[in-house]
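Some notes on the structure that comes next.
The values are calculated or read from the model by the stated rules, or taken from the named source; none is laboratory data. Only a predicted model underlies this, so the values are computations on that prediction, with no experimental measurement involved. Cβ placement follows ideal geometry from the backbone for every residue including glycine, while neighbour counts extend to all protein chains displayed. The area values use the complete protein model at the heavy-atom level, side chains included, leaving out ligands, DNA and RNA. Shrake-Rupley method; radii C 1.70, N 1.55, O 1.52, S 1.80 Å.
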Amino acid sequence: REHLPRSSEPVIFVGNHQSNFDILSYFAGLPLQFRWMAKAELFRVPLFGLAMRRSGYIPIDRSDRRKALRSMAVAAERISAGTSVVIFPEGTRSVDGQLQEFKKGGFLIAIKAQVPIVPVAISGSWNVMRKGTFRFCPGTIRLRILAPIETTGLTNKDSDLLMVQVRS
């Protein structure tokens, strides 16, 4: 918890994505307000999508590049205005529990908003509930909050380096 923001300064929590239990792990492990960035398709699910929208979650439309850039700009504005968010840069849950390649969008948003990235390492959730199943297994989930990485002064040209730094 020593790496959690101490003030009302917004941050972007960037974590690996092993299971649907990752979301519950964040709620249990982060004692502060935050919102999710999620693919726009989830906002079209009846009731679930409405609840997400009303709760202030941020849709990212990945259907085409122009829509994706527009939704990333909206996300950066919301973050700059004071909303901390959680991003899973792998884009989807891991099939085998291993860390997948990162997508660049969340890092571009962090640079545009000029807010710190707080890396989060989740372990154990893949064993509790694997992708593609609704079967629960007993287990322990650990949420490790790592030291923030500043983005102040970075530009889009720095996004690949930032992505590598966060991933490592």
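Please indicate, with yes or no, whether at least one residue in the range 97-114 is β-branched (Val, Ile, Thr) and touching a Phe, Trp or Tyr at 6+ places or on another chain (Cβ under 8 Å).
No: the range 97-114 contains no residue that is β-branched (Val, Ile, Thr) and touching a Phe, Trp or Tyr at 6+ places or on another chain (Cβ under 8 Å).
Please go through the range 147-168 and give me each residue that is assigned to a loop (DSSP other than H, G, I, E, B), of a type in the set (Ser, Thr, Tyr), at pLDDT 90 or above and within 17 Å of the chain's Cα centre (by Cα), ordered by number. Before the answer, list the steps.
Step one: of the range 147-168, the residues assigned to a loop (DSSP other than H, G, I, E, B) are 147-148, 150-155, 168.
From the residues that got through so far, the ones that are of a type in the set (Ser, Thr, Tyr) too are 151-152, 155, 168.
Then drop every residue that is not at pLDDT 90 or above, which leaves 151-152, 155.
Once the filter is applied, which keeps residues that are assigned to a loop (DSSP other than H, G, I, E, B), of a type in the set (Ser, Thr, Tyr), at pLDDT 90 or above and within 17 Å of the chain's Cα centre (by Cα), the range 147-168 yields only THR151.
Return the residue satisfying two criteria in turn: it lies in the range 129-146 and is open to solvent by less than 50 Å² (accessible area, probe 1.4 Å) and either in contact with a Cys (Cβ under 6 Å, 6 or more places away or on another chain) or at pLDDT 90 or above (or both), and of such residues it is farthest from THR83 (Cα to Cα).
LEU143
Here is a list: SER159, SER80. Which entry is of a type in the set (Gly, Ala, Ser) and under 22 Å from SER7 (Cβ atoms)?
SER80
Within the range 124-146, work out how many residues are among the hydroxyl-bearing types (Ser, Thr, Tyr) and either in a loop (DSSP other than H, G, I, E, B) or without any contact (Cβ under 8 Å) to a residue 24 or more places away in the chain (or both).
The qualifying residues number 2.
Report yes if VAL95 is over 13 Å from the mean Cα position of the chain (by Cα), more than 20 Å from LEU154 (Cβ to Cβ), buried (at least 17 other Cβ atoms within 10 Å of the Cβ) and at pLDDT below 85, otherwise no.
When the stated conditions are applied, VAL95 does not pass them.
Pick from the range 105-123 the residues that are part of a loop (DSSP other than H, G, I, E, B) and out of contact with any Leu (no Cβ under 9 Å at 6 or more places or on another chain): which of them is surrounded by the fewest Cβ atoms within 10 Å (Cβ to Cβ)?
Among those that are part of a loop (DSSP other than H, G, I, E, B) and out of contact with any Leu (no Cβ under 9 Å at 6 or more places or on another chain), it is PRO116.
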